[in-house]
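Only one structure is covered here, and it is reproduced in the block below.
The values are calculated or read from the model by the stated rules, or taken from the named source; none is laboratory data. What you are looking at is a predicted structure, and each value in this text was computed from that prediction instead of being measured. As a convention, Cβ positions derive from the backbone with ideal geometry for all residues, glycine included, and neighbour counts pool all protein chains shown. Just so you know, the surface numbers come from the protein's heavy atoms only, side chains and all, with ligands and any DNA or RNA stripped out. Shrake-Rupley method; radii C 1.70, N 1.55, O 1.52, S 1.80 Å.
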Amino acid sequence: MNSQRPRADSAARGHIEVDCVTKSYPSVGGDIVALDQITFDVAPQELVAIVGQSGCGKSTLLRCIGGLVPPSGGSVRIAGQVVSRPDPRIGYVFQTPVLLPWRTVEENVLLPFEIGKKIVPADRKKVHDVLEMVGLGEYKHLRPLELSGGMQQRVSVARALVAEPAILLMDEPFGALDAQTREIMNVELLRIWKEAMTTIVFVTHDIGEALFLSDRVIMMSARPGTVRDIVDVNIPRPRTFTDVESDERFWTLRQKIREALN
Ligand SMILES: Nc1ncnc2c1ncn2[C@@H]1O[C@H](COP(=O)(O)OP(=O)(O)O)[C@@H](O)[C@H]1O
Ligand SMILES: [Mg+2]
């Protein structure tokens, strides 16, 4: 992708403010409170991980940030503006790649440009660039079923990035991959993050993954989800798995988070 993109613009537009967000879902036995008074900020171009047990509201929180569901109370602001609907400034990557099997890799990544307008050559150029960036340049004419799980998830990342969103929301995107592929994807994600200059909110239940990737880890309590604690990950970048795993701070933080989550 074009690394010459103006920085000033991408700076402010990646700022997220989550302010007292509460979310309950109606249910026959009474409302299910999924989130209770969640408050935190994410700085432009920061990479924040959210960890917590299954069912604690991580996906709900991400959906509120992305404008996919409205909070029951509180608000989310992106670059100072309240989010009230799905927003083109935000890219989304789900746990399982949501790709159209009859379309090629290239055609899947073109999708965001087809909404409400005709494809222009500049759109194809952006698709080309983003596929290069995620390492799929050579595979653009293949169909999803001809790709491995890791490659399919790269297509999802490319599609989320192609519209140059200020923010990328990732909901356990590598959770279904084997450990080795997941490590490769984590290293790739850090490279892509640097190049695309986006803010990333990354949900995972894997503490090691959260620490490897992020600047800060937000720990959520079990349902109703609240912010239990936020820790700074003071491990220097650039990071490799070998560096991180031989860093004492990694093990100290891992222990601290594990205790906080239980
Ligand atoms: N659409 C929905 N309708 C009703 N309850 C929901 C809905 N989505 C999530 N929940 C409930 O909200 C809680 C949090 O779910 P979720 O955000 O998916 O947690 P996590 O992603 O941390 O596993 C769970 O108890 C879940 O059953
Ligand atoms: Mg979830």
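Using +1 at the Cβ of each Lys and Arg and -1 at the Cβ of each Asp and Glu in the chain, identify which of Leu110, Gly175, Ile38 lies farthest towards the dipole's positive end.
Farthest along the dipole direction, towards plus: Leu110.
Per the helix-only calculation at 222 nm, which mean residue ellipticity applies to the chain, given -39500 (n - 2.57) for every DSSP H run of n ≥ 4 and division by its residues, nearest 500 deg cm²/dmol?
Calculated mean residue ellipticity at 222 nm is -11000 deg cm²/dmol.
Rounded, prolate or oblate for the range 43-191? Axes are the square roots of the Cα gyration tensor eigenvalues, ordered a ≥ b ≥ c, and the cut-off for rounded is a/c under 1.5.
Verdict is oblate for the range 43-191.
Give me the distance in nm between label points sitting 7 Å out from Cα along the Cα-to-Cβ direction at Ala12 and His205, one decimal.
Result for the modelled spin labels: 4.1 nm.
Add +1 for every Lys or Arg and -1 for every Asp or Glu among the other residues with Cβ under 12 Å from the Cβ of Val33, and state the total.
Taking every Cβ under 12 Å from that of Val33, the sum is 0.
Using only Cα atoms, tell me the angle between helix 248-261 and the longest principal axis of the chain; keep it within 0 to 90° and round to the nearest 10.
So the helix axis and the longest Cα principal axis differ by about 60 degrees.
From the cross-link list Lys23/Lys117; Lys118/Lys140; Lys58/Lys125; Lys23/Lys140; Lys23/Lys256; Lys117/Lys140, which pairs have alpha carbons spaced over 31 Å apart?
Those over the limit are Lys23/Lys117; Lys58/Lys125; Lys23/Lys140.
For helix 149-161, report the angle its Cα long axis makes with the longest principal axis of the Cα atoms of the chain; keep it between 0 and 90° and round to the nearest 10°.
90 degrees
If I stretch the segment between Glu132 and Asp243 completely, what's the gain in nm (0.36 nm per residue apart, minus their alpha carbon distance), one decimal?
Here the answer is 37.3 nm.
On average, how much accessible surface per residue is there in the range 166-233, in Å², for a 1.4 Å probe, leaving out ligands, DNA and RNA?
That works out to 34 Å² per residue.
Mind ordering 31-41, 49-59, 73-83 by average Cβ neighbours within 10 Å, highest first?
Those peptides, ordered most packed to least, come out 49-59, 31-41, 73-83.
How would the range 82-125 be classified by its alpha-carbon gyration tensor: rounded, prolate or oblate, with rounded meaning a/c under 1.5 and the a/b versus b/c comparison settling the rest?
It is oblate, given that a/c is not under 1.5 and a/b is not larger than b/c.
Mind giving me the nanometre distance, one decimal, between the label points for Lys194 and Asp41, set 7 Å out from Cα along Cα→Cβ?
If labels sit at Lys194 and Asp41, their model points lie 2.7 nm apart.
Which cross-chain or sequence-distant (5 or more) residues have an amide H under 5 Å from the amide H of Gly74, H modelled 1.01 Å from N in plane?
Residues meeting the amide H criterion: Thr22.
With Cβ to Cβ distances under 10 Å as the rule, what net charge do the other residues near Pro71 carry (K, R +1; D, E -1)?
Computed value for this residue: +1.
Give me the percent of the accessible area of the range 98-164 that comes from carbon and sulfur atoms, probe 1.4 Å, all protein chains in place.
Looking at the range 98-164 in its full context, I get 58 percent from C and S.
What size of dipole, in debye to the nearest 20, comes out for the chain about its Cα centre when the only charges are +1 on Lys and Arg C-beta atoms and -1 on Asp and Glu C-beta atoms?
In debye, rounded to 20, the chain gives about 620.
Can you tell me the FRET efficiency between Glu107 and Gln53 if r is taken as the Cβ-Cβ distance and R0 is 35 Å, rounded to the nearest 0.05?
FRET efficiency, Glu107 to Gln53: 0.35.
Could you please put Leu100, Leu136 in sequence from largest to smallest accessible area, using a 1.4 Å probe?
Sorted by accessible area, descending: Leu100, Leu136.
Where does helix 105-114 land angle-wise versus the long Cα axis of the chain, in degrees 0 to 90, nearest 10?
The angle comes out near 80 degrees.
Roughly how many Å² of Asp229 are accessible to a 1.4 Å probe, to the nearest 10?
60 Å²
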